[in-house]
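J.: The structure under discussion is supplied below as structure tokens; questions concerning it will follow.
The values are calculated or read from the model by the stated rules, or taken from the named source; none is laboratory data. Predicted, not measured: the structure shown is a model, and the values here were computed from it. Glycine also receives a Cβ, built like all others from the backbone with ideal geometry; neighbour counts cover every protein chain displayed. The accessibility values were calculated without ligands, DNA or RNA, using every heavy atom of the protein model including side chains. Shrake-Rupley method; radii C 1.70, N 1.55, O 1.52, S 1.80 Å.
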Amino acid sequence: MRVLHDLEGLSPSDLPAPYLSVIVPIYNEEDNLPPLHRDILTTIEKLTCSYEIIYVDDGSTDGGLDRIKSLAANDKATAIIQLRRNFGQTAAISAGIDHSRGQVVVCLDADLQNDPADIPRLLAKLEEGYDLVSGWRVNRQDHWLWRKSVSSIANWIISRITDLKLHDYGCTLKAYRRDLLNHIRLYGQMHRFIPALASMVGAKVAEIPVNHRPRIHGKSKYGLGRTFSVVLDLLTVKFLASLSSNPIKIFGGSGLVLIGLSFISGLAMVLQKWLQGISLIQTPLLLLSALLFILGFHAILLGLTTELMIRTYYESQGKSTYVIRQVFKPGNDQRPNSQ
Ligand code: UDP
Ligand code: MG
């Protein structure tokens with residue numbers, strides 16, 4: 001077992017990089033951990049590939065950390081990352097991804113609702129040529145009817161807005177290719193949007209039905225409040241999707257429309273004066289024209305400012321505005337490992 005403390009001062013492991021990294025975010029799941037570790041091992045030991053398991057303890061306040069340490073005590077392929085406090089599931093998954101080394105990354109929940117036995121099917125689908133395979137909890141086992149209905153509405157909205165049709169964005173059980181994850185940073189509740197972010201960089205995404213079981217130990221960490229954060233994150237994803245490379249088009253476009261409307265309203269005002277003798281101060285059109293013009297002008301300024309920010313974003317990080325899938329050279333067909 002490797003214990004990676006606090007994400008600071010980590011030295012790269014001397015073990016060779018494995019094919020598969022299994023990442024599990026944990027927050028107060030003490031009683032789920034023994035069966036979970038057993039189930040994961042049972043499944044992946046049967047695979048012929050090399051693997052590592054990374055548990056990310058997201059500031060648990062129960063005895064979970066000690067539990068998982070003793071479970072993995074003699075296991076070189078298991079690493080435990082302890083975060084300093086509870087940062088949330090997305091941050092925990094990010095920490096796991098950043099410190100994993102596998103060519104393929106599989107994430108799953110620690111509460112035994114996802115079934116590790118599904119991992120081989122995810123990997124097989126990935127091998128068919130996909131970059132990301134997402135689980136679809138066909139028989140979702142959550143107690144509350146409203147949770148399932150809110151979630152199906154959310155999935156429908158996300159699919160419409162992101163242009164990637166999935167039945168189940170919220171399922172943590174997913175498999176990713178490493179070179180894809182190098183292009184994605186996760187914030188807020190965004191782990192659920194990885195497929196959408198991935199398809200923005202040209203990833204081939206598939207969805208397969210997976211098992212889902214009722215939670216036996218511990219409680220769900222989320223309530224209705226999560227829906228709001230998911231909606232706000234969705235706005236960010238949409239913003240990134242449609243604006244990130246050319247914001248002036250959207251802001252500038254709406255700015256020009258607003259200025260056009262302001263001229264139309266100004267013209268209507270002048271015509272009213274000429275034809276009907278209505279004084280300019282008797283009609284709200286003067287105010288409307290001024291308002292539309294100011295709004296339009298500011299939208300264009302906002303577009304220009306955002307263009308500047310986007311350029312800073314790309315150039316400060318040495319990011320390119322394109323993503324390479326593969327480079328073909330004689331005798332060297334390779335997927336890119338970074339950038
Ligand atoms: N989790 C986490 N940090 C948090 C909340 C949850 O690491 O702040 C983990 C939790 O331990 C579980 C997974 O994220 O492994 C999913 O959480 P939960 O089962 O509560 O979500 P639900 O299945 O109800 O959507
Ligand atoms: Mg759960």
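J.: Accessible area per residue of the chain at 1.4 Å probe, in Å²?
T.: 54
J.: Count the DSSP beta bridges whose two residues both fall in the chain, then state the antiparallel fraction as a percent rounded to the nearest 5.
T.: 30
J.: Considering the convex hull of the alpha carbon atoms of segment 204-330, report its projected area averaged over all viewing directions, in nm², one decimal.
T.: Reported value for the Cα convex hull: 17.2 nm².
J.: Here's something else I'd like to know. Quick one: 3J(HN,Hα) in Hz for segment 167-180, Karplus 6.51/-1.76/1.60 with θ = phi - 60°, rounded, Gly and Pro as x.
T.: So the Karplus estimates, Gly and Pro as x, are 7, 9, 6, x, 6, 6, 5, 8, 10, 10, 7, 4, 5, 6 Hz.
J.: Which longest uninterrupted range of the chain lacks any GluC sites (Glu not before Pro) assigned by DSSP to a loop state (not H, G, I, E or B) and surrounded by at most 16 other Cβ atoms within 10 Å?
T.: Values: sites that count: Glu8, Glu128.
Answer from the scan: 129-339.
J.: Going by amide H atoms built from the backbone, whose H comes under 5 Å of the H on Ile53, apart from near neighbours?
T.: Correct list: Val22, Thr78, Ala79.
J.: Please give every one of the lysines within straight-line cross-link reach of Lys165, meaning a C-alpha to C-alpha distance under 21 Å, and leave out same-chain neighbours fewer than 8 residues apart.
T.: By straight Cα distance, Lys165 reaches Lys125, Lys148, Lys174, Lys204, Lys238.
J.: With charges only on Cβ, +1 for K and R and -1 for D and E, what is the dipole size of the chain about its Cα centre, in debye, rounded to 20?
T.: Its charge dipole is roughly 860 debye.
J.: Please list the three semi-axes, largest first and in whole Å, of the ellipsoid equivalent to the chain, using sqrt of 5 times the eigenvalues of its alpha carbon gyration tensor.
T.: Taking √(5λ) for each Cα gyration eigenvalue gives 48, 24, 18 Å.
J.: What is the sum of charges around Arg185, taking Lys and Arg as +1, Asp and Glu as -1, for the other residues whose C-beta is under 14 Å from the C-beta of Arg185?
T.: Net of charged neighbours comes to -1.
J.: How large is the convex hull of the Cα atoms of segment 162-253 per residue, expressed in Å³ as a whole number?
T.: 132
J.: Enter the angle in degrees (range 0 to 90, nearest 10) between the Cα long axis of helix 89-98 and the first principal axis of the Cα atoms of the chain, meaning the one along which they spread out most.
T.: Value to nearest ten degrees: 70.
J.: For the chain, with a Gaussian network of springs between Cα atoms less than 10 Å apart, report the residue from Ala79, Ala241, Ala290 with the top mean-square fluctuation.
T.: Of the options given, Ala290 has the highest mean-square fluctuation.
J.: Could you compute how fast segment 266-329 diffuses translationally, taking Rh as the Kirkwood radius over C-alpha pairs and applying Stokes-Einstein at 25 °C with viscosity 0.890 mPa s? Give it in µm² per second.
T.: Reported coefficient: 154 µm²/s.
J.: Do the sum for the chain: with -39,500 (n - 2.57) for every DSSP H run of n ≥ 4, divided by all residues, what is the mean residue ellipticity at 222 nm, to the nearest 500 deg cm²/dmol?
T.: Result for the chain, helices only: -14000 deg cm²/dmol.
J.: Another question, then. Please tell me the relative contact order of the chain in percent, rounded to the nearest whole number, where contacts are Cα pairs under 8 Å and at least six residues apart.
T.: About 16 percent, as a whole number.
J.: Enter the angle in degrees (range 0 to 90, nearest 10) between the Cα long axis of helix 225-243 and the first principal axis of the Cα atoms of the chain, meaning the one along which they spread out most.
T.: It works out to around 70 degrees.
J.: Let me ask something else about it. What are the principal axis extents of the Cα atoms in segment 58-176, in Å, biggest first?
T.: Here the Cα extents, ordered largest to smallest, are 45, 36, 24 Å.
J.: Need the list of aspartates and glutamates near Lys76 for cross-linking: C-alpha distance under 14 angstrom, and skip anything on the same chain fewer than eight residues off.
T.: Correct list for Lys76: Asp14, Glu45, Glu52.
J.: With springs only between Cα atoms under 10 Å, which of Ala203, Ala175, Ala299 fluctuates most in a Gaussian network model of the chain?
T.: Highest fluctuation of the listed residues: Ala299.
J.: Quick one: angle between helix 285-316 and the longest Cα principal axis of the chain, in degrees between 0 and 90, rounded to 10, please.
T.: 30
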